[in-house]
Amino acid sequence: MAKALAIDLGATSAKCAFFDNDQVVVKFIFDTTNRENLLERIADEAFIVAKKHDIKMDELDFVGIAVCGIVDNSTGNVIFSNNLGWRDYPTKDELKRLFKTQKVIVLNDAKAATFGEWSKGLKKVPSSMALFTIGTGVGGGAIFNGELVFGDNTGLPSEPGHGGGFQDKVQCGCGLKGCIEPIASATGIERALIEKAKVSKGPLADKYAELGENLHIKDVADLFQDKDPDVLEVFSTSMEPLAKVISVLIHFFDISMIVIGGGPSNLGKPLLDLIKNQLSNYVLPDFYHRLNLVQASLSDLVGAWGVYEYGKANI
């Protein structure tokens, strides 16, 4: 049991929650589109919210943050975050200063989501799992033998969207060839939906006529559920590179569960069925028939839960 403030820091908002005794007692959302003095302004807001709800900040066991970027786990620095415009940013030291505590947790957001889903969503069963979160990019993380994987070399694993040569249609902004991120991310899916809508003769064209370049995945959820051929074609093309990555992971590590998170996962079982059907082309039968592919369960607070649970286990 612990008292903590957990922050899931994204490109457009920070989802923040005060925890006490494994319960969310207060949550608030902070707009992050203005990056100037960002952590300082989030801290100021946290103190205001705490005072309003009679939460004593000096009684918190720790403060934790999940960051959309590459995190040096030994120092708590954010090596690089394209979405936040940070490079070599001393996140842990800043939080220590702002909250006047030495007990600070800094995690990559995908690692935090992985630990949150496993510890809170799955109640730590099974002992191994991998999570792929589909958002602005494609992030992920893994649990092996009940431990969050940090790796033995760089300590940075959380980037399954990069490398591998799994597609040759769209060049990734990172400079590598064949990354799945520009196709399998929510950003990539929406880009493909708009291009398809421009030449569609069906309901997808009507959506584009109404929304134009503001067409998003949530706007075609009904068409996806109704198996509209144009929408299904886009999702099938987008998810196939992801299925290839998952197949390698399954064959190499024999992971017992794959969790799909991020905005598109809200499409639910039909999306999982589509991915699983694609996996049948890439996964050997002995593995495939025992494949457990599930939807993430913690939605918008998954990163905050992950930071909280990890902090409990490590502070």
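Using DSSP to call loops (not H, G, I, E or B), can you name the trypsin sites (Lys or Arg not before Pro) in the stretch 110-197 whose Cβ has at most 15 other Cβ atoms within 10 angstrom?
Lys123, Lys124, Lys169, Lys177
Modelled spin-label separation between Val25 and Glu40, with each label point placed 7 Å from Cα along the Cα-to-Cβ direction: 2.9 nm.
For Phe144 and Tyr288, what does the FRET efficiency come to when R0 = 30 Å and r is the distance between their Cβ atoms, rounded to the nearest 0.05? Computed FRET efficiency for Phe144 and Tyr288 comes out at 0.90. Each other residue within a Cβ distance under 13 Å of Arg35 adds +1 if Lys or Arg and -1 if Asp or Glu, for a net charge of -1. Magnitude of the charge dipole for the stretch 124-183, about its Cα centre and with charges confined to Cβ atoms of Lys, Arg (+1) and Asp, Glu (-1), is about 120 debye.
Quick one: putting +1 on the C-beta of Lys and Arg, -1 on the C-beta of Asp and Glu, what dipole do you get for the stretch 138-237 around its Cα centre, in Debye to the nearest 20?
Value, rounded to 20: 240 debye.
Would you mind computing the Rg to Rh ratio of the stretch 68-134 from its alpha-carbon coordinates, Kirkwood style for Rh? In the stretch 68-134, Rg relative to Rh is 1.05.
Each residue of the stretch 65-70 was assigned a 3J(HN,Hα) from its phi angle through the Karplus expression (A = 6.51, B = -1.76, C = 1.60, θ = phi - 60°), giving 9, 10, 10, 7, x, 8 Hz with x at Gly and Pro. Packing around the peptides 218-226, 140-148, taken as the average count of other Cβ atoms within 10 Å per residue, puts them in this order, highest first: 140-148, 218-226.
Lys and Arg at +1, Asp and Glu at -1: add these up for the other residues within a Cβ distance under 12 Å of Leu211 and post the number. It works out to a net charge of -3.
Is the shape of the stretch 1-130 best called rounded, prolate or oblate, per the rule: a/c under 1.5 gives rounded, else a/b larger than b/c gives prolate, else oblate, with a ≥ b ≥ c the square roots of the Cα gyration tensor eigenvalues? Because a/c hits 1.5 or more and a/b fails to exceed b/c, the stretch 1-130 counts as oblate.
Just the C-alpha atoms of the chain: what Rg/Rh do they give, with Rh taken as the Kirkwood radius? Checking Rg against Rh, the ratio lands at 0.98.
Net charge in the neighbourhood of Ser128 (other residues with Cβ under 10 Å of its Cβ; Lys, Arg +1, Asp, Glu -1) is -2. Less than 15 Å apart at the alpha-carbon level, and either on another chain or at least 8 residues along: which aspartates and glutamates does that give for Lys201? Cross-link targets: Glu210, Asp228, Asp230, Glu233.
Where only DSSP H runs of four or more residues are counted, the chain gives -11000 deg cm²/dmol as its mean residue ellipticity at 222 nm, each run worth -39500 (n - 2.57).
What does DSSP give for the chain in terms of the percent of beta bridges that are antiparallel, rounded to the nearest 5?
60 percent
Rounded to the nearest 5, the antiparallel percentage of DSSP beta bridges internal to the stretch 123-295 is 50%. Across Trp86, Trp305, Trp118, mean-square fluctuation computed from a Gaussian network of the chain (C-alpha pairs under 10 Å connected) peaks at Trp86. Listed values for the stretch 242-254 are Karplus-derived 3J(HN,Hα) couplings in whole Hz (6.51 cos²θ - 1.76 cosθ + 1.60, θ = phi - 60°), namely 5, 4, 5, 4, 4, 4, 5, 4, 5, 5, 7, 10, 6, and x replaces Gly and Pro.
A short reminder: the numbers here are calculations on the coordinates, not readings from a lab. All of these numbers come straight from a predicted model, not from anything done at the bench. FYI the Cβ positions are ideal-geometry reconstructions off the backbone, even for glycines, and counts take in every protein chain you see.
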